[in-house]
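The values are calculated or read from the model by the stated rules, or taken from the named source; none is laboratory data. Computed from a prediction, not measured in an experiment: that's the story for all the values here. So basically every Cβ, Gly included, is an ideal-geometry build from the backbone, and we count neighbours across all protein chains shown.
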Amino acid sequence: MKFGSVSLALAALLSATTAHAEGWLRAEGTKIVDDSGEPVILRGMGLGGWMLQEGYMLKLGELGQQHVIRAKLVELVGEQRTAEFYRAWLDNHTTEADIEQMAKWGFNSVRLPIHFDQLTLPADKEPKRGQDTWLEEGFQRIDRLLEWCRKNRIYLILDLHAAPGGQGNDLAISDRDPAKPSLWESAENQRKTVALWKKLAARYRDEPWIGAYDMINEPNWSFATPGKGNGCDETESKGVWDLQQRITGAIREVDSKHMVIVEGNCWGNNYKGLPPAWDANLAISFHKYWNRNDPASVSAIEELRDRYNRPVWHGESGENSNAWFRDAIALVEGDGIGWAFWPLKKIGFNQPLEIDPGPGWAKIVAWATGKGPKPGADEAYAAMMQLAENSRFDRNIPKPDVIDAMMRQPHDSAPGPFAARQLGTAPLTIRAVDYDLGTAGVAYSDTADANYHVATGGERTPWNNGTTYRNDGVDIAREADGAPYVSDFVTGEWMRYSFDAAQAGRWTVTIRARSAKGGRLALGDDQIAVPAGAGWQELRVSALALPAGASALTLRAVDCGDCEVAGLALTPG
């Protein structure tokens, strides 16, 4: 199957109601429907890292919250240059090109994580207590995003990701400063949160391409032990429900049409104590990370859906492998549930777009995390602005394997070529890392292809040990010059490579491989010894007879403990 054929098959697989949803979204019983009453399965991405940075997205996980990251940058380059960086970041990270590409990939929605400080001042910085200063620049940025979504027929879901004061003890997700009162400890922070939602609702009440209002992202607060727990053991979470009811009431004062989305405690998953539905146009969100993708993992939320008679939405998920993405999406879509994965882009390999930070950013990371010397101010500023520039869509590295896993593989298990290849009279070289797109057991096989640490209680171990290039279980590393190759290719693992042959014939195959200890590979029925040694070896396979048309070769590790493979070359004759 050619990649173009994969794309055509994908278009056919996406349901007509999903692809052509029109008008206002609303909750109708346990389904989300459009104006015509047709069910809509939302397929979306969250724009994490744009209006709200989390340290791990910038390789600054030890710093955590955005305000801590910002303070470190001020220490490096001063307040003015830091402000210039953040403006460039906001201008570049998400543009119309990102939304256009999302539509081409088949997404029909986008979730916008909002930091409240883009729209209003913190309560302790207001000139007059109890009043709200509105920051028009932030609202205009949302206006532009909405216009791009409207043009591309994508629903925009507004998500208050960082509420005034912060909504939990997972500090980074809401940029919370634990030295100040949280959302739950401050009546003024709660008042400001309600006022902010009323302001948003008044501005967007007539916009059908605003899909919903996601009122508070991932509350995670133990009311019995403030500042310590994440609300997973709470049996009532009355404060969480009361505030979301207040927000709904304020929204309904100015906006009767938009669907509201409620999130439970414990990162949006603890719905104990949920009062009877307080609004007819309400949906329930749940978040799902690092657990099994089996019916048991969604049984509780589906039981709540049916008992509560309101739709549920898989509002956030991701940060795992392609195999996990595919299985999670197939699971929820099979039960008529839409989803929004996280995030669209970051520094890293396991999302649709990768930001290459540039060489200078690593020096800032090393210093900020206590692992290197402090860069000079000019050098650091140049690196910061390079990062901001590289966050732009045309500088991003697309990840076709991730998109294929999200959009095609949940509905079609057939393999497809990672890149179109034509075998003719000239030699054909295939990089080992460019094995077929497709599911584990079809396009490749590896000893580990996802992380399930929430279910197993283990560590957050990677599936691709090199965490680069692709997001499957196949382990990939890079040479000093950046060239990717398959590493840790061990006994029982394999990769499939498909191509089109212009005519039938015989080809000699050469495999570029190495193994410090030595090993054996197999291509079809032929086994090849890999001599022990540190350098790359050119290993010749007996000439293979191939038919005209679609063909595939499967490379297997027959007896390998540390084999590595750079590529295959096919030569006529």
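Select from segment 396-417 the residues that are farther than 18 Å from Val474 by Cβ and touching a Leu at 6+ places or on another chain (Cβ under 8 Å) and list them in ascending order.
Asn396, Pro398, Met407, Arg408, His411, Asp412
Take residues that are of a type in the set (Gly, Ala, Ser) and either touching a Leu at 6+ places or on another chain (Cβ under 8 Å) or over 22 Å from Glu38 (Cα atoms) (or both) and tell me which of the helices (runs of 4 or more DSSP H) falling wholly in segment 242-361 contain 3 or more.
The helices (runs of 4 or more DSSP H) meeting that bar are 295-308.
Residues in segment 489-504 that are surrounded by 15 or more Cβ atoms within 10 Å (Cβ to Cβ) and at positive phi: how many? Working first, answer last.
So the first thing to find is which residues in segment 489-504 are surrounded by 15 or more Cβ atoms within 10 Å (Cβ to Cβ), and the list is 489-490, 493-501.
Now narrow it down to the ones that are at positive phi: none.
Of the residues in that region, 0 qualify.
Name, by its number, the condition in (1) at pLDDT below 95; (2) farther than 25 Å from Ile216 by Cβ that does not hold for Gln101.
(1)
Lys517 is checked against (1) closer than 19 Å to Ala477 by Cα; (2) part of a strand (DSSP E or B); (3) at pLDDT 95 or above and fails just one. What number does that condition carry?
Here Lys517 clears every test but (2).
Any residue that is of a type in the set (S, T, N, Q) and assigned to a helix (DSSP H, G or I) - is there at least one of those in segment 108-125?
yes
Conditions tested, residue by residue: (1) touching a helix residue (DSSP H, G or I) at 6+ places or on another chain (Cβ under 8 Å); (2) surrounded by 15 or more Cβ atoms within 10 Å (Cβ to Cβ).
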residue	(1), (2)
Gly239	yes, yes
Gln244	no, yes
Met259	no, yes
Leu282	yes, yes
Ser285	yes, yes
Ala296	no, no
Ser299	no, no
Arg310	no, yes
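In segment 364-388, what residues are outside any helix (DSSP H, G or I) and within 25 Å of the chain's Cα centre (by Cα)? Talk me through it step by step, then tell me what you get.
Filtering segment 364-388 down to residues outside any helix (DSSP H, G or I) leaves 369-376.
Passing the criteria: only Thr369.
One line per residue, one yes/no per condition, for (1) over 20 Å from the mean Cα position of the chain (by Cα); (2) at negative phi; (3) of a type in the set (Asp, Glu):
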residue	(1), (2), (3)
Lys125	yes, yes, no
Thr133	yes, yes, no
Glu136	yes, yes, yes
Arg144	yes, yes, no
Lys151	yes, yes, no
Tyr155	no, yes, no
Leu158	no, yes, no
Ala162	no, yes, no
Gly165	yes, no, no
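Somewhere in segment 401-420, is a residue over 23 Å from Thr467 (Cα atoms) and without any contact (Cβ under 8 Å) to a residue 60 or more places away in the chain?
There is at least one residue in segment 401-420 that is over 23 Å from Thr467 (Cα atoms) and without any contact (Cβ under 8 Å) to a residue 60 or more places away in the chain.
Being assigned to a loop (DSSP other than H, G, I, E, B) and among the aromatic types (Phe, Trp, Tyr) is the filter; apply it to segment 191-226 and report the residue that is nearest to Ile32 (Cα to Cα).
Trp209
Looking only at segment 73-84, how many residues end up being surrounded by fewer than 20 Cβ atoms within 10 Å (Cβ to Cβ), in a helix (DSSP H, G or I) and not β-branched (Val, Ile, Thr)?
6
Count, please, the residues in segment 197-230 that happen to be β-branched (Val, Ile, Thr) and within 26 Å of Glu137 (Cα to Cα). Quick ask: steps written out before the conclusion?
We begin by selecting, within segment 197-230, every residue β-branched (Val, Ile, Thr); these are 210, 216, 225.
From what is left, the residues that are within 26 Å of Glu137 (Cα to Cα) are 210, 216.
Going through segment 197-230 one residue at a time, the tally reaches 2.
Assess whether Ala522 counts as being touching a strand residue (DSSP E or B) at 6+ places or on another chain (Cβ under 6 Å), of a type in the set (A, V, I, L, M) and farther than 24 Å from Arg470 by Cβ.
It is false that Ala522 is touching a strand residue (DSSP E or B) at 6+ places or on another chain (Cβ under 6 Å), of a type in the set (A, V, I, L, M) and farther than 24 Å from Arg470 by Cβ.
So is Asp449 touching a strand residue (DSSP E or B) at 6+ places or on another chain (Cβ under 7 Å), at pLDDT below 95 and closer than 28 Å to Met57 by Cβ or not?
Taking the combined requirement at face value, the residue satisfies it.
Please go through segment 389-405 and pick out each residue that is surrounded by 23 or more Cβ atoms within 10 Å (Cβ to Cβ), assigned to a helix (DSSP H, G or I) and not acidic (Asp, Glu).
Val402, Ile403, Ala405 - these are the residues of segment 389-405 that are surrounded by 23 or more Cβ atoms within 10 Å (Cβ to Cβ), assigned to a helix (DSSP H, G or I) and not acidic (Asp, Glu).
Within segment 301-309, does at least one residue satisfy the condition of being out of contact with any strand residue (DSSP E or B) (no Cβ under 7 Å at 6 or more places or on another chain) and either basic (Lys, Arg) or closer than 25 Å to Ile99 by Cβ (or both)?
Yes; the residues of segment 301-309 include at least one that is out of contact with any strand residue (DSSP E or B) (no Cβ under 7 Å at 6 or more places or on another chain) and either basic (Lys, Arg) or closer than 25 Å to Ile99 by Cβ (or both).
If you scan segment 102-126, which residues turn out to be among the polar types (S, T, N, Q) and within 14 Å of Arg153 (Cβ to Cβ)?
Asn108, Ser109
Can you report the number of residues in segment 434-467 which are in a loop (DSSP other than H, G, I, E, B) and closer than 26 Å to Val558 by Cβ?
Just the residues of segment 434-467 that are in a loop (DSSP other than H, G, I, E, B), to begin with: 435-436, 438-439, 441-443, 446-452, 457-467.
Of the ones still in play, those that are also closer than 26 Å to Val558 by Cβ are 435-436, 438-439, 441-443, 446-450, 461-466.
Total satisfying the criteria: 18.
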